1. Which FRET efficiency value, to the nearest 0.05, is calculated for N40 and E271 with the Förster distance at 22 angstrom and r the Cβ-Cβ distance?
2. Where a ≥ b ≥ c are the square roots of the eigenvalues of the C-alpha gyration tensor, would you call segment 125-279 rounded, which needs a/c under 1.5, or, failing that, prolate if a/b is larger than b/c, or oblate?
3. In the chain, what % of DSSP beta bridges are antiparallel (nearest 5)?
4. For the Cα atoms of the chain, what angle does the longest principal axis make with the long axis of helix 112-121, in degrees from 0 to 90, nearest 10?
5. How far is helix 12-21 tilted, in degrees, relative to the longest principal axis of the Cα atoms in the chain, given as a value from 0 to 90 rounded to the nearest 10?
6. If you plug each phi of segment 22-33 into the Karplus form 6.51 cos²θ - 1.76 cosθ + 1.60 with θ = phi - 60°, what whole-Hz ³J(HN,Hα) values come out, in order, with x for Gly and Pro?
7. Quick query: amide H of S191 versus all other amide H atoms, modeled in the peptide plane; which residues come in under 5 Å with a sequence gap of 5 or more or a different chain?
8. Output the 0 to 90 degree angle, nearest 10, between the alpha-carbon long axis of helix 234-248 and the longest principal axis computed from the alpha carbons of the chain.
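Just so it is clear, none of the values below were taken in a lab; they were calculated from the coordinates. Worth saying up front: this structure is predicted, and the values here are computed from it rather than measured. Using ideal geometry, Cβ is built from the backbone for each residue, glycine included, and neighbour counts are taken over all protein chains shown.
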Amino acid sequence: MKTVLILGVTGQTGCEVANQLAENPDIVIRGAALEVETQNLPDGLIPLEFSWENRATWQSVIDTKPDGVYLVRPEIEFAPALMSEFLAQLSGSPHVVLLSGRDADMVPSSFWTARVEAAVTNSVVRWTIVRPDPFMQVFTDRRYFGKTIRTDDVIMANFGDGAIAFVDVRDIAEVVVRALVDDGHESRVYSLTGPSASSLGDVANELTRLLGRKIRYIDTPVEEARESFRELPEWRRERAFYGMDRTRSGGHSTISVAIEAVTGHPPRSLEDFLTEHRPQWTRSTPASST
C-alpha cells in the first residue's frame, strides 16, 4: 500500500486528484486542509486539519509518513519559507508533486512564484512540477466568470485579445496522479494546456452560439486594472502585472503536448467543456436590463 498526502484537498485540483486516486485500491489517501468537508471527496479518504500558518497543525500531517505528496501551492506571502520548513520535516523520501503556474521559470528568481518552486526543488530529492494554464473551470466557478455569464451575460477581464490555452482540471489531476503513481516523472516539469488557445472574445462567441443569447466580453482598460493592482501587497502585485501583460501579449497561447504524453490521450477541448456545462449558464428568465 502507498500513502498519498494531498495538501489542499478541498481545492479544485486537490478534490479531483483525491477522486482519481480513489480508483486505485492500493492507495491510502490522506487529505489536509484548514477545514475538510468530505461531501465531494471519496469514501475512505482520511481528513486532516492543516494550516500552513499554524505549525501546531503540522505534526499530525507529518506523522502520516507519506510516500507521495500533492502540494497545491498556498496563496500566502511567506509560502516559500513555510514550505521549505515543512518539507524538511517529512521522513523518508516522498515524491512531491507541486501545482505551480505557467511560465514560472520565466520570471526573475526573486519573484514569489519562482521562490515557491525553489522551495520544493531545494528541499526534496524526488519532485515533479506541473504548470497549468488557467483552468477551464473559471467559466463555471461563481468566484470567477460563472455567475456573471449566467446572470449578466458578461465575461469581464483585462486580457485583451490574448489567447489562452485553457486546461481542464480533470486533465491536470490525471497528470498529477500519473506522476504520483507511475515511475519516470521525477525531476520533470510539465506545462499543461488544452489542445487549442482561445481569447475571451472567442469564448463569449462560443457561449453565444451554445446558449442562444448574446454573451459579451468586456475588456477592462489596462490603466484601470493597473490602478487596482497597486492596492495589492507586493508579492501579489508583481504576479498580477506580469500575468496581465503576459496574457495580453499572447504568452499563454502556446500549446503543450504534455498531457497526452503522460496520460496517453489528448486533453479535453474547451468546446467540449462548454457544451458539457451548458446547463450551468442556462436560465429560464432573461437578464434584467439597466
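1. Numbers: r = 26 Å, r/R0 = 1.18.
The formula returns an efficiency of 0.25 here.
2. Because a/c hits 1.5 or more and a/b fails to exceed b/c, segment 125-279 counts as oblate.
3. 5
4. 30
5. Relative to the chain, helix 12-21 is tipped by roughly 50 degrees.
6. Ordered by residue, 3J(HN,Hα) equals 5, 6, 9, x, 8, 10, 9, 10, 10, x, 10, 6 Hz.
7. R131
8. Helix 234-248 sits roughly 50 degrees off the main axis of the chain.
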